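Below you'll find the structure, written out as structure tokens, and then a few comments.
Taken together, the values in this text are just the output of simple stated rules run on the coordinates, not laboratory data. This structure is a prediction, so every number in the text was calculated from the model and none was measured. Ideal geometry is used to build each Cβ from the backbone, glycine not excepted, and the neighbour counts take in all protein chains shown.
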Amino acid sequence: MPHISLNPATGKVERIFQRHDGLYLNSALEESREAQNTWRKTGFAQRAEALCRVSEILMDNPDDYATLITREMGKPLREARAEVEKCALACGYYARHAAELLADEQIETDAALSYVSYPPLGTVLAVMPWNFPFWQVFRAAAPALMAGNAILLKHSSNVPQCALAIEDIFRSAGLPQGLFSTLMIAANQVACLIADPRVHAVTFTGSEAAGRQVAAEAGRNLKKCVLELGGSDPFIVLRDADLDYSSTQAVISRFLNNGQSCIAAKRFIVVPEIADEFVRLMMQKVAALRVGDPMQEDTHTGPMARLDLRDELHRQVTDSIAHGAQALMGCAPVSGEGAYYLPSILDHVTPKARAYREELFGPVAAIIRARGEKDALGIARDTRFGLGASLWSRDAARAERLSREIEAGCCFINGMVKSDPRLPFGGIKASGYGRELSYHGIREFVNIKTVWVK
């Protein structure tokens with residue numbers, strides 16, 4: 001079955017790409033091994049020059065790449081442009097800081113000299129999703145390449161043009177042939193690649209179910225694995241929160257990227273004292289969102305990436321309503337062409353509803369009314385996910401103390417959860433393990449190697 005680039009705003013096929021055969025895959029694996037053997041011997045300065053050129057290419061052509069992203073997966077053009085710029089930022093960050101992040105670390109022992117070094121592992125297989133088709137790739141590739149590794153990209157099958165554009169960026173920046181390669185393969189071929197001795201590690205971003213399969217295969221082959229899976233981030237509004245500000249941030253966080261973000265706020269947990277007013281403000285601001293052509297600069301919400309994803313979201317919504325949730329607004333697909341779903345709010349969501357238990361990967365906010373602050377924290381923990389969380393209060397110091405009771409890879413006080421190259425990113429529980437970004441991320445795919453000299 002080919003990889004099809006289909007515009008979700010129109011439902012029309014843009015381009016079709018045939019999958020790579022076994023001969024091509026073998027050639028790509030050999031090229032990757034040879035390129036990495038050369039690349040690992042280069043210094044950080046040479047690698048940094050290449051990553052700086054990558055950053056320059058991105059910043060010189062943001063509209064071209066943003067248009068490609070929007071046409072393939074439907075996010076509003078202005079958000080796609082911001083995604084491209086963030087990729088350039090990450091490349092620049094690692095170009096500037098990789099040498100210090102991976103510098104030999106001398107440690108006093110009984111030896112004349114003892115230290116820890118961080119040589120690369122080899123070739124990293126990156127299995128990446130469609131929702132941030134540039135950022136997810138660059139977030140993984142920039143640190144791995146600066147550490148001296150090679151990258152084989154298996155991108156989501158609905159964004160093949162983005163995958164090839166990224167490969168072209170790295171090639172145009174002067175990286176060795178084969179150091180970064182895109183593989184047009186099916187999901188069921190990933191296991192064979194993980195098992196191949198020319199692949200040394202795997203990084204995966206995607207669904208919990210697929211992540212479990214990748215982790216199992218990596219475990220069978222004793223290979224390093226980093227997983228960034230789904231999330232159902234709690235957005236906890238305490239009684240002393242700034243309701244106008246927090247409701248504005250709630251709408252931005254929930255409906256960014258057409259609601260298709262693993263770190264989007266999804267469960268809005270409100271205490272009784274402010275619940276009605278917060279919901280009123282949120283409804284007012286959601287009603288102002290403009291749904292339409294994602295190529296238009298004033299569009300807030302475009303189509304979802306695929307029709308099947310929209311249909312599954314609607315099943316989650318209808319099931320939640322059947323189990324007592326109240327549909328305050330939206331909660332229905334948009335008629336006509338394209339995979340559009342109305343910006344929606346479900347109120348009085350209870351543990352019986354799918355919106356309480358499952359990740360809603362689309363433009364639907366679930367309001368959960370807690371009995372009080374202690375109950376709100378308990379609800380926040382009552383999930384198998386553990387990616388991000390946020391607390392909202394005018395007493396930031398107190399909210400920070402309460403954040404220690406939240407089970408998540410990151411917790412933001414009076415701010416929406418986001419990724420930043422300077423900070424580690426990743427989750428716990430069913431949201432995965434390992435970290436991307438910061439010095440934690442660049443050290444995931446290196447050999448933490450002890451050297452002892454008498």
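Taking the fewest neighbouring Cβ atoms within 10 Å as the starting point, the ordered list for Val451, Val286, Val137, Val13 is Val13, Val451, Val286, Val137.
With the helix formula -39500 (n - 2.57) applied to DSSP H stretches of n ≥ 4, the chain reaches a computed 222 nm mean residue ellipticity of -12500 deg cm²/dmol. Taking a straight line from the alpha carbon of Lys374, these lysines sit under 20 Å away, with near neighbours fewer than eight places off in the same chain left out: Lys266.
In a simple Cβ point-charge model (Lys, Arg +1; Asp, Glu -1; nothing else charged), the chain has a dipole of about 760 debye relative to its Cα centre. Label zone of Glu405 (point 7 Å out along Cα→Cβ, amide N under 14 Å): in segment 222-238 this covers 236-238. Two numbers describe the Cα atoms of the chain: Rg and Dmax, which are 22.5, 75 Å.
Ordering Lys12, Lys285 by the number of other Cβ atoms within 10 Å of each residue's own Cβ, fewest first, gives Lys12, Lys285. In this structure, the residue pairs whose Cα-Cα separation is over 30 Å, taken from Lys429/Lys449; Lys154/Lys352; Lys418/Lys449; Lys224/Lys352, are Lys154/Lys352; Lys418/Lys449; Lys224/Lys352.
With a Förster radius of 22 Å, plug the Cβ-Cβ distance of Gln326 and Asp244 into 1/(1 + (r/R0)^6) and report the FRET value to the nearest 0.05. Mind dumping the intermediate values first?
Values: r = 23 Å, r/R0 = 1.06.
Computed FRET efficiency for Gln326 and Asp244: 0.40.
Long hydrophobic helices in the chain, taken as whole DSSP H segments with a C-alpha length of 30 Å or more on their own axis and mean Kyte-Doolittle hydropathy at least -1.0: 77-101. Across all directions, the shadow cast by the convex hull of segment 233-413 built on its C-alpha atoms averages 9.6 square nanometres. Per-residue Cβ neighbour counts within 10 Å put Phe44, Phe138, Phe425 in the sequence Phe44, Phe425, Phe138, beginning with the fewest. If the segment from Glu108 to Thr350 were pulled out straight at 0.36 nm per residue, it would be longer than the present Cα-Cα gap by 81.5 nm. Relative contact order for the chain: 19 percent, from Cα pairs under 8 Å spaced at least 6 residues apart, divided by residue count.
The label-point distance for Glu30 and Gln46, in a model that sets each label 7 Å from Cα toward Cβ, rounds to 2.4 nm. Check cross-link reach from Lys75 to the aspartates and glutamates: straight Cα distance under 12 Å, and skip same-chain residues fewer than eight apart. By straight Cα distance, Lys75 reaches Glu83, Asp293, Glu297.
Net charge dipole, segment 196-329: roughly 560 debye, given to the nearest 20, about the Cα centre with Cβ charges of +1 for Lys and Arg and -1 for Asp and Glu.
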